[in-house]
1. Using alpha-carbon pairs under 8 Å, 6+ residues apart, how would you state the relative contact order of the range 99-198 in percent?
2. Taking N as the number of residues in the range 23-68, what value does Rg over Cα atoms divided by 2.2 N^0.38 Å take?
3. Quick check for me: using +1 on Lys/Arg Cβ and -1 on Asp/Glu Cβ, what's the dipole size of the chain about its Cα centre, in debye to the nearest 20?
4. Could you name the lysines in cross-link range of Lys38, using Cα to Cα under 30 Å and dropping any fewer than eight places away on the same chain?
5. May I ask for the Kirkwood hydrodynamic radius of the chain, worked out over all distinct Cα pairs and given in angstroms to one decimal?
6. Against the longest principal axis of the chain, how steep is helix 99-111, in degrees 0 to 90 to the nearest 10, with axes from Cα atoms?
7. Got a sec? Charge dipole of the range 28-111, +1 on Cβ for Lys and Arg, -1 for Asp and Glu; which of Ser78, Gly50, Ala90 is way out at the positive end?
8. Which residue, chosen from Ala108, Ala20, Ser66, occupies the Cα position most advanced towards the positive end of the dipole of the chain, where the dipole is computed from +1 (Lys, Arg) and -1 (Asp, Glu) charges on Cβ about the Cα centre?
Amino acid sequence: MSKEKISLTDRVALSALKIAAKRPWSAVKLEEIAKATKTPLPELKKSFPGKSAVLSAIVSFIDKKSFQTVHMPGDGKSGVHDRLFEILMARFDVMQKYRASIASVAKASFHDPATASALLQAQFASMLAIMKLAGIESGGIKGVIKQAGLLLIYQTTLHRWISDDSRDMTPTMAVLGRGLGTAGKIMKILENCPVADV
């Protein structure tokens, strides 16, 4: 039985994560990723001209892996809080395997504005995908506000997760739960706010 072919994007993400687990993200080079994926550097650069594109591939890879493990109930009884909690915790479950790599990227973003900007852009897009999976209205100005708020919750939880050495991620879940609880109250106010959805 033949193995499923892995896309170049996923191979780049996996190779970058493997390399970043061994040394700081700032020291990771495109040349190494090209070699690891057995792709000529000029060809790789057509799709990944810089490490910002690699970061986007990593975020997309984590999205795909985590979304595959999430099964939203079709009865419509679960609330937004529960759906977001399940999706985001599924994401952290997937990330556990790549903890050292993701911590390396996060640390680099604290000191390098270019890395921080690229990472936030990729994560912002990821939050939109998460909202859609959770069945949250994402259109107009209100949608952008929700997306930005979810990114803030994710970032806060991510920082806790990086230092969370518990087996069951209880501290991470606690931070996420509090963040989503506060967001739920804000969303109720936002829904009644006369902001034009343009």
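We did not get these values from a lab; they are worked out from the coordinates using the rules stated. Every value quoted in this text rests on a predicted model; they were computed, and no experiment measured them. Ideal geometry is used to build each Cβ from the backbone, glycine not excepted, and the neighbour counts take in all protein chains shown.
1. Result for the range 99-198 is 25 percent.
2. Numbers: Rg = 11.6 Å, N = 46, 2.2 N^0.38 = 9.4 Å.
The range 23-68 yields a ratio of 1.23.
3. Its charge dipole is roughly 580 debye.
4. Reachable lysines: Lys3, Lys5, Lys18, Lys22, Lys29, Lys46, Lys51, Lys64, Lys65, Lys97, Lys107.
5. Values: mean 1/r = 0.0555 Å⁻¹.
18.0 Å is the Kirkwood radius here.
6. 80
7. Sorting the options by dipole projection puts first Gly50.
8. Working it through, the farthest residue towards the positive pole turns out to be Ala20.
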